[in-house]
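Before any comments, here is the structure.
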Amino acid sequence: MNLRFSFIFLWAILTVGCSENAVTENPEDPEPYTALRSVAPFPVGVAIQSSRLGSGPHSGVVRTVFNSVTAEYEMKMKHLTSASGSYVWTHADQLVAFANEHDMQVHGHALVWHQSTPSWLENFSGTDMEFEDAVKDYITTVVQRYQDDVVSWDVINEAFEDGSGELRNSVFRRRMGPDFIARLFQYTREADPDVLLFYNDYGTIWDTAKLESMLAMVDDLQARGIPIDGVGLQMHITYTHPPLSNIVAVMDAVVQRGLKIHISEMDVRVNPQGDLSVLTDERSQLQKKRVNEIVAAFMDLPEENQFAITWWGLRDPESWLIDFWGNPEWGLLFDAEYQPKPAYEGFLEALRGN
């Protein structure tokens, strides 16, 4: 890592009056360091939690480097509603207010996800029609509340099974039938005619069955005139897998359907085998290369198909990867001390065509 680069960046983040779009230069070094948001021709986002958005370095880095935010979990159904018709807006409102204050867009994540269904809906005792009415009312209430603030929504997240590509047997499928996805998109469009509507999933860049099911769903929606604007490709990858050619092929398939692409949940694991106890320079450089090639591939897409790239977390020790995989991991752009890693430089170099 370039220590001078890191010092300049962190010093500027913590200095009163630093620019929202560029890091103030160090008096001892006349070359300023520029934040991602002022270089990228598309929004660069990060997943955040409202509790971290105080006056400390976390919010300083977020507002200086990025111009798009996604709620890590605080805009999901289970966290917005604890009972039918009862909503808890506090944390989502705080996130939206932070974004508005710092000229950032908000991507809504996610209206429907089988793993974030509140118990009152999972155990709904009414008829199937009453169940669907409750889901429609939820979507309408949430989308219209944030109509002036949220530019896009993941209408549904992770609807297909791994390996088989079959629709998950969620409570939404059981109560609304196999065509429930189409109606979710319709209800969201009715609530906000202008918001962008996305389908979001993981594994489509290596799971052929899941990819085929997702593309078949898109084709069906488009053939019937049901609104869908884009696809979120969760970029939970490693420094070696999957091959870049797979990623490019999936992006091309989405582009061929005229949809926007959101690299929606990016992190790059460098310790998938669990062989590291500390991050080595070698793996850092391989991570940098991986980030660079993916951002470059995204830059090669037609401009109208580039929605955003969103990192799933700000700094390494806060990443979900550590608990999920049970290994030390360093999958994000910033280290524990809020210093940018070589991967950050790789992102910048790709934006600049290097």
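The values are calculated or read from the model by the stated rules, or taken from the named source; none is laboratory data. These numbers were taken from a predicted model, which means no experiment stands behind them. All Cβ positions, even for glycine, are placed from backbone atoms using ideal geometry, and neighbour counts span all protein chains on display. Accessible surface areas use protein heavy atoms only, side chains included; no ligands, DNA or RNA. Shrake-Rupley method; radii C 1.70, N 1.55, O 1.52, S 1.80 Å.
At-a-glance table
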item	result
Residue match in region 58-65 (condition: surrounded by fewer than 20 Cβ atoms within 10 Å (Cβ to Cβ) and either among the hydroxyl-bearing types (S, T, Y) or in contact with a strand residue (DSSP E or B) (Cβ under 9 Å, 6 or more places away or on another chain) (or both))	yes
Complete set of residues in region 41-85 that are closer than 26 Å to S125 by Cβ and out of contact with any helix residue (DSSP H, G or I) (no Cβ under 9 Å at 6 or more places or on another chain)	none
Cβ pairs under 8 Å, 6+ apart, first in region 76-97 and open to solvent by 60 Å² or more (accessible area, probe 1.4 Å), second of a type in the set (V, I, T) and not in a strand (DSSP E or B)	K78/T117; H79/V88; S82/V88
Filter pass, G230 being surrounded by 22 or more Cβ atoms within 10 Å (Cβ to Cβ), modelled with pLDDT of 95 or more, in contact with a Lys or Arg (Cβ under 8 Å, 6 or more places away or on another chain) and closer than 20 Å to A297 by Cα	yes
Counted residues, region 43-70 - those being in contact with a Ser or Thr (Cβ under 8 Å, 6 or more places away or on another chain) and closer than 14 Å to M104 by Cα	10
Tally, over region 53-93, of residues that are of a type outside the set (A, V, I, L, M) and within 20 Å of A336 (Cα to Cα)	11
Qualifying position, being of a type in the set (G, A, S), in contact (Cβ under 8 Å) with a residue 60 or more places away in the chain and over 17 Å from F42 (Cβ atoms), among G313, G274, G326	G313
T90, sole failed condition from (1) of a type in the set (S, T, N, Q); (2) touching a Phe, Trp or Tyr at 6+ places or on another chain (Cβ under 9 Å); (3) at pLDDT 95 or above	(2)
Extreme residue, least open to solvent (accessible area, probe 1.4 Å), among residues of region 213-227 that are charged (D, E, K, R) and more than 18 Å from D252 (Cβ to Cβ)	D220
Count - residues of region 192-212 that are open to solvent by 30 Å² or more (accessible area, probe 1.4 Å) and either part of a loop (DSSP other than H, G, I, E, B) or under 27 Å from V142 (Cβ atoms) (or both)	5
Residue in region 177-186 that is open to solvent by 20 Å² or more (accessible area, probe 1.4 Å), touching a helix residue (DSSP H, G or I) at 6+ places or on another chain (Cβ under 7 Å) and of a type in the set (A, V, I, L, M) present	no
Enumeration of residues in region 103-122 that are part of a loop (DSSP other than H, G, I, E, B) and either open to solvent by 50 Å² or more (accessible area, probe 1.4 Å) or among the charged types (D, E, K, R) (or both)	D103
Close pairs from region 152-173: first in contact (Cβ under 8 Å) with a residue 40 or more places away in the chain and on the phi > 0 side of the Ramachandran plot, partner basic (K, R) and buried (at least 19 other Cβ atoms within 10 Å of the Cβ), Cβ under 9 Å, at least 6 apart	G163/K210; G165/K210
